[in-house]
1. Output needed for the stretch 206-298: three equivalent-ellipsoid semi-axes, defined as square roots of 5 times the C-alpha gyration tensor eigenvalues, in descending order, whole Å.
2. Please work out the average accessible area per residue across the stretch 168-281, using the 1.4 Å probe convention, and give it in Å².
3. Using the Kirkwood formula on the Cα atoms of the stretch 252-378, what hydrodynamic radius do you get, in angstrom to one decimal?
4. Using only alpha-carbon positions, what ratio does the radius of gyration of the chain give when scaled by 2.2 N^0.38 Å?
5. When the Karplus curve 6.51 cos²θ - 1.76 cosθ + 1.60 is applied with θ = phi - 60°, which whole-Hz ³J(HN,Hα) does each residue of the stretch 207-222 get, with x for Gly and Pro?
6. When Rg is the radius of gyration of the Cα atoms in the stretch 142-218 and Rh is its Kirkwood radius, what does Rg/Rh come to?
7. What lysines sit close enough to K286 to cross-link, taking a C-alpha to C-alpha distance under 18 Å and skipping anything fewer than 8 places away on the same chain?
8. Using a 1.4 Å probe on the protein heavy atoms, what percent of the accessible area of the chain belongs to carbon and sulfur?
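The values are calculated or read from the model by the stated rules, or taken from the named source; none is laboratory data. Please read these numbers as outputs of a predicted model, since none were measured by experiment. FYI the Cβ positions are ideal-geometry reconstructions off the backbone, even for glycines, and counts take in every protein chain you see. We work out accessible area using only protein heavy atoms, side chains counted, and drop any ligands, DNA or RNA first. Shrake-Rupley method; radii C 1.70, N 1.55, O 1.52, S 1.80 Å.
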Amino acid sequence: MSQLSHESIFILTSNSLLIQQPKTLFMMLLRAIFLAFIFISACTSPPESQNTSASSTSTLSSNFQSAKLMPIGKAWAKTQINVPIFRSHGLLSNDSSQWVSYYDSSGHVVIAQRLLTEVQWEVSTTPFEGNLLDAHNSISIGLDGNDYLHMSWNHHNHPLKYVKSEAPASLNFGPQAKMSGQNESRVTYPEFIHLSNGDLLFMYREGGSGNGNTMLNRYRLDQKKWEIVQHGWLDGEGERNAYTNKLVVDNEGTWHLSWVWRETPDVASNHDMCYAKSEDEGKTWKRSDGSIYQLPITARNAEYIYHIPQNSGLINQTSSTVDSRGYPIIATYWQVKEDSATQYMVIWYDGDAWQNSVVTNRKSSFKLGGTGTRNNPISRPLVLCDDEDRVYVIYNDEERGQRVSVAICENLSEGEWATYDLTQMSVGNWEPVYDPLRWERDNILNLLVQKVGQGNGERTADLPATMVYILEWNPKSLP
């Protein structure tokens, strides 16, 4: 593998025999034998669970994939605020340029821009500020079809903060504005979702943890204004709230949404995985069998695609994707049994029924409980599917040295996973924040990577400002 010449690009490689370029036929043979030995010895049976498909995990702990790291600047690192997985999005691109947002150590929103063919960034510190002590208050950006940036930031049950750039691809923003003007007083978890015609969706929770409803707006590119799609169509009825995974849109234009319910502010009360889809741009919502929901969707009429009881260590707000057939795939984690290790899981639809695949063979468990942001030993997972229907789960695990790791499955029905590390350095409490538009166009993974700390219940870690990087990895580089 050739070394890139630009001094601001770092190449992460391993001294392991597994990725050294063989120079002789003997070395090629030795490499193949060694790889086969590790694969056979690492394959294990999954933990016991109901309705769990057969799967095995091949953990190649010494196999590092070459990834390019592009530094941008140093940023606040005492909390997870720059890298929680629910940032939708922290990193975006069109076919020529890329944008990233983060908080610096003074609490100001920073927007940076580069050409995709370059590694140098134009960095702009905006006048907008956020509360760095609360990791919920992250920044989310969207890019409409005319290349205007949209941004929402600093929310944890606060009035909506929303701005739009003054011009296409501009790093300067206009004044704060409302969207619909309705249900915008207690906003948390703002998310932008991109539609193929250049419109944007904006989803958020109105209300508190254990007592909130889900809202969905749409930005009409031709009208340059926002409208309500559904407000409160996921209804906690004042007794719970839905924690949604990322809403995804398939090639046919169907919207797919999954979520877990939470009964109280305590994360231990998370339970069950539910699902709904819309084939008419959010007007009507259906279950996976095509039956129509009577809105709003509540805990009584929701489709439960996988039953997971409270106190199972089930995490909320992870991610989902679809395969080439438009079948949804959801990544999360929980404990199958109280005394079992916490495992990453993929719940997926095969066209007839919902299945589950155990992604990892972790050895340790931990008690998932309490309120506020948690200092967990593993991150929430990001799941992606490429144009050949390979599934990727990206995560960060103490058992792997807190590196950026990826588990890959060639065929979900076979359930065999191979795991690689994309960095050798520790990223602390980092969670995967990625560029969805780059992945959709090119199947190239761009991640916002920063080593951060996090204390339980919005406490801070003793960590100075650290460098923000963009990690770039092409899965085609796999051996």
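1. Equivalent ellipsoid semi-axes, largest first: 24, 16, 11 Å.
2. Per-residue accessible area for the stretch 168-281 comes out at 35 Å².
3. After inverting the pairwise mean of 1/r, the radius is 15.5 Å.
4. 0.94
5. Rounded to whole hertz, the list is x, x, 5, x, 6, x, 10, 9, 10, 9, 10, 9, 8, 8, 4, 5.
6. Ratio of gyration radius to Kirkwood radius for the stretch 142-218: 0.98.
7. K246, K277
8. Solvent-exposed carbon and sulfur of the chain make up 48 percent of the total.
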